[in-house]
Amino acid sequence: MDNNRDIKSLWAAYHQNGNIQAFNCLINHYMPIVISTARRIHRRTGLGSLGDLVDAGIWILWGSIEIYRMPQTTEFTKYARRKIRGEMIDAVKKGAAPMHHESC
């Protein structure tokens, strides 16, 4: 799924038809953002476990995909990076991994 047109098709299939397979493909496509963000935060803070940060990041990604609508001025990758990083940092400061959103 490296082709931008394929990603846009996945977004359309998920948001227009609720296609679960498209949703799963979107999760898999953006998963490297979760992993790299969790590694960076874990390495910099030393707090919490990497696994907990990744788990939390998956929930954050899930919720982000659910609420994001294309087209928007902000590309999803940039939006997701900021959202995942921000919520993970907030969780580290509070001493707990972020939990999934009620809407999930």
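Which FRET efficiency, nearest 0.05, do THR45 and SER9 yield, Cβ-Cβ r, R0 35 Å?
0.40
Which whole-number percent gives the relative contact order of the range 4-94, counting Cα pairs below 8 Å spaced six or more residues apart?
It rounds to 30 percent for the range 4-94.
None of the figures in this text is laboratory data; all of them are computed from the coordinates on show. None of these values were measured; they are calculated from a predicted model. All Cβ positions, even for glycine, are placed from backbone atoms using ideal geometry, and neighbour counts span all protein chains on display.
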